[in-house]
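Let me begin by presenting the structure, written as structure tokens, before commenting on it.
The values are calculated or read from the model by the stated rules, or taken from the named source; none is laboratory data. These numbers were taken from a predicted model, which means no experiment stands behind them. Don't worry about glycine lacking a Cβ; one is built from the backbone with ideal geometry, like all the others, and counts go over all protein chains shown. For accessibility, only protein heavy atoms count, side chains too; no ligands or nucleic acids. Shrake-Rupley method; radii C 1.70, N 1.55, O 1.52, S 1.80 Å.
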Amino acid sequence: MLTTLRDIELQTLFAEAQHNGESIFEQTGSDLLICPPRQIGSGQHQLIPLRDGVTLKIADGRFHQTTTIESHRGPDEPLVSKFCLSSRFRVQTPRASDIPEDYTESAGHHYLCSLSDVVEFETFQGEERFQVVAFEWSQDYVRSFASTSDCLPPPFQMLAEHQTLHRFHQPLGKTTPAMAQIIQQVLNCPYQGMVKKMYLESKALELLTLQLTTWNENQHQTKMNHLLPDDLERIQQASYVLNQNLNAPPSLMALARQVGLNDYKLKLGFRQQFGTTVFGYSQTKRLQHARQLLAAQDLSIPGVAQSVGYASPTSFTAAFKRRFGLSPKAYQMACRGKNPV
């Protein structure tokens, strides 16, 4: 069962839990520990303010069932430096033209983002532990470092020019061993009081420095891996081939030969044009087509699985549920106006 909770609904659940005697909020100095209502999950969410404009957030918990949290982001949102330690989160930002409308944040990866004026839907899998360490930086705080735009990624160049940070979401790849070590130092901070704040802020700056270095290195690598217009046309041709062969997609090497590219350029092109692998692109299109079939036709689950190239209905069901948060049967029943649970 998929549950969607909006801001006002969450506030109501927290208020009811407090009224029923649950320990929801625990304040220690300026630090705040938040425990979710037992009705929806378990774990805790720590908010640790550092110097003005910097906040550390540590989330560690699980929901009892697959849950989507709807959040409304206001103007001038902070820069967020995020490290996912476990689980995968599907994030949807409908009608946000300058960032992806549907993407995934995964364990072992890190991100930089600023999501102003957007409605965000984060989906968490039921009974799956999620762990996230994130630092929020006010734009004024970051601007104090950005005295020049030299060697800065594009969003930060705006801060150096005293402009407002535009909305963006930047995946930066896998968390490096150096980053992982610093994160463990953050989670196991041995200090208290003022020294704790100083220690955590120093670690936050180390992590942000490593992230910006990674971003610059990725930009340099992208320039080195520039694709020619003819290559881009062949990438589009490859996507057309995959769309026309959803039930039996060609292998990577066969597809590369068919469109006249080597496998390296084919993989690079799909990463640059579609933000995913050739296999990931094909699987997304197959599952999207499967969803259309389930909604529009009276087909069996095995029949739909076969139509989009899955030999095993079990594998199809698992892939569909990971992608959309519902089993194919539950989605089909929901489309028919029936209760899927």
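Laid out as a table, the results:
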{"item": "Computed lengthening from Lys57 to Asn247, 0.36 nm per intervening residue step minus Cα-Cα distance", "result": "64.0 nm"}
{"item": "Within straight-line cross-link reach of Lys57, lysines at Cα separation under 16 Å, skipping those fewer than 8 residues along the same chain", "result": "Lys82, Lys196, Lys197, Lys203"}
{"item": "FRET efficiency estimate (nearest 0.05) - Cβ-Cβ, Met194 to Ser71, R0 25 angstrom", "result": "0.20"}
{"item": "Overall form of the range 163-291 per C-alpha gyration tensor (a/c, 1.5; a/b vs b/c)", "result": "prolate"}
{"item": "Protein accessible area in the chain, 1.4 Å probe - carbon and sulfur %", "result": "52 percent"}
{"item": "Linear extension gain, Lys321 paired with Asp98, 0.36 nm per residue minus alpha-carbon span", "result": "77.5 nm"}
{"item": "Per residue, in Å², the accessible surface of the chain once ligands and nucleic acids are set aside, probe 1.4 Å", "result": "53 Å²"}
{"item": "The range 208-272 - Rg (one decimal) and Dmax (whole number), Cα, Å", "result": "14.8, 45"}
{"item": "Alpha-carbon centroid distance for the pair the range 55-83 / the range 193-210, whole angstrom", "result": "21 Å"}
{"item": "Separation in nanometres of the label points that stand 7 Å from Cα toward Cβ, at Arg88 and His166", "result": "3.1 nm"}
{"item": "Range in the chain, longest, excluding exposed GluC sites (Glu not before Pro) [loop by DSSP; at most 16 other beta-carbon atoms within 10 Å]", "result": "162-341"}
{"item": "Gaussian network model of the chain, Cα within-10 Å springs - most flexible of Val54, Val278, Val195", "result": "Val195"}
{"item": "Estimated FRET transfer efficiency when R0 is 22 angstrom, pair Glu128-Ala311 (beta carbons, to 0.05)", "result": "0.25"}
{"item": "Mean-position separation - Cα centroids, the range 1-21 and the range 263-341, in angstrom", "result": "32 Å"}
{"item": "Two-site label geometry, Gln181 and Glu9: point separation in nm, points 7 Å out along Cα→Cβ", "result": "4.5 nm"}
{"item": "Cα-based shape type of the range 70-228, given that a ≥ b ≥ c are square roots of the gyration tensor eigenvalues and the cut on a/c is 1.5", "result": "rounded"}
{"item": "Separation in nanometres of the label points that stand 7 Å from Cα toward Cβ, at Gln157 and Lys329", "result": "5.4 nm"}
{"item": "Partners for Lys285 among lysines (Cα-Cα distance below 27 Å; same-chain residues under 8 apart left out)", "result": "Lys174, Lys265, Lys267, Lys321, Lys329, Lys338"}
{"item": "Two-decimal ratio, the chain, of alpha-carbon radius of gyration to 2.2 N^0.38 Å", "result": "1.12"}
